[in-house]
Amino acid sequence: MALTTHTVSSNMIPINKPWIGEEEKREVASVLEENALTTAARDGGRRVRDFESQMKSYLKAKHVVSVNSGTAALHAALMAAGIKQGDEVLIPSFTFVATANAVVAAGGRPVFVDVKKDDYTIDVSDLKKKITKRAKVVIPVHLYGHPSDMDEIGELADKHALDVVEDACQSLGSTYKKKQTGTFGVMGCFSMYASKVLTAGEGGAVATDSDELADRLKMIRNHGMVEGYDTRVLGLNLRLPELSAAVAKVQMQKLDKMLQIRRRNAELMSKLLFPSAKKHGIKIPEETADKKFNWYLYTVAFQNGSRDRIKNALVKDNIGATIYYNPPAHKTPYYMQVAPKTSLRATDWCADHVLSLPVHPYVSEADIDHIASSLKAVLEKSNIS
Ligand SMILES: Cc1ncc(COP(=O)(O)O)c(C=O)c1O
């Protein structure tokens, strides 16, 4: 079989890269040695249970039910929430399209809500306007690891009897008022895709404090069965294989360290970029007393249509600067049919102006220096103000 040739330079600093070491390799090898690749038992295999228990302690959640992707986590959560055909689910459009796809897969109707230009999370004032009698669930997405306004969302959800299901696929380790994102709603959904702060290659998890929902989620991930061939609710095969759980389990032990390096990188980047940010009117990501980031990505907004030019210059300098969610979900051909006439001004602005930079654990302080210098040089050269 021919191997794919990578077109990027080997010096390229990628936007993300899983931090995999000997520990993960050993654990995967032990799964193979035991020939225990997966199990359809209700509570999963040993490594699935280990991983769930570690994540439960980390999040301070009563239950964590692992599944095989973040998309599966969202889909299973919406099924567990009892979404019925035509129920409305409020979501931002400025997100990975999986958020919307999970809604449609569960039989719901996505209603797209605008985001705020300052942190790219759901805009509560627009959310208020979009709630109808058919609305059942709101999914705040903690995009780029930035926590959404959970107090305001919670208040509004209570007032309108909406369930909050968090899309915390990008925000493991981010906190709102010192509490982990993904633990505010009735359920919180996580992804362990290869680019995420904690990876299993592919994988996902749902956190919940409800015994009843945890029970239902375990059935949903396993064809609705409890003891085998006794399907009680609609379910699918959403189980996390032991091979993936082995990686996730070891990654859990390294999570604090990985987040520490991301923070070191992000703080250094902010320090180096701060003077240029002021001079050239660019917006760098800022934490607040209540919102602490996991620094999944370091996302910057540029003025005056300069973003694409800047991105190209950075890529020439071997920096994997990346534009995400352009087009946003509501402007993709499929969702233009599902949700026609959606108009979201801030979302469109973000899709045209923001750029993400790498701060993952393989990025060294020298790399951050290189990224900041390269960015400053292009800003000076283009005379952007
Ligand atoms: C915001 C968001 N939601 C959902 C997903 C879906 O996760 P997965 O790719 O694991 O299915 C992702 C990640 O890819 C994501 O970034």
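Derivation of every value follows stated rules applied to the coordinates shown; laboratory data play no part. Keep in mind the model is a prediction, meaning the values are calculated, not measured. Here Cβ is always computed from backbone atoms with ideal geometry, including for glycine, and neighbour counts include all displayed protein chains.
In the list 318, 294, which residue meets the criterion of being touching a strand residue (DSSP E or B) at 6+ places or on another chain (Cβ under 9 Å), of a type outside the set (Phe, Trp, Tyr) and at positive phi?
Result of the check over 318, 294: 318.
What residue, of 268, 238, 255, is touching a strand residue (DSSP E or B) at 6+ places or on another chain (Cβ under 8 Å) and either touching a residue at least 24 places away in the same chain (Cβ under 8 Å) or surrounded by fewer than 22 Cβ atoms within 10 Å (Cβ to Cβ) (or both)?
238
Taking helices (runs of 4 or more DSSP H) that fall entirely within the stretch 20-106, which contain at least 1 residues that are more than 23 Å from the chain's Cα centre (by Cα), at positive phi and buried (at least 24 other Cβ atoms within 10 Å of the Cβ)?
Fully inside the stretch 20-106 and qualifying: nothing.
What is the residue count in the stretch 49-102 for residues that are more than 16 Å from the ligand (Cβ to nearest atom) and of a type in the set (Ser, Thr, Tyr)?
3
Return the total of residues in the stretch 271-308 being farther than 15 Å from residue 321 by Cα, aliphatic (A, V, I, L, M) and without any contact (Cβ under 8 Å) to a residue 40 or more places away in the chain.
So the answer is 2.
All but one of (1) on the phi > 0 side of the Ramachandran plot; (2) in a helix (DSSP H, G or I) hold for residue 250; state the number of the condition that does not hold.
(1)
Is there any pair with a first residue in the stretch 194-219 that is under 18 Å from residue 179 (Cβ atoms) and a second that is assigned to a strand (DSSP E or B) and within 10 Å of the ligand (Cβ to nearest atom) whose Cβ atoms are under 6 Å apart and which are 6 or more apart or on different chains, and what are they?
Hits for this filter: 205/190; 206/189.
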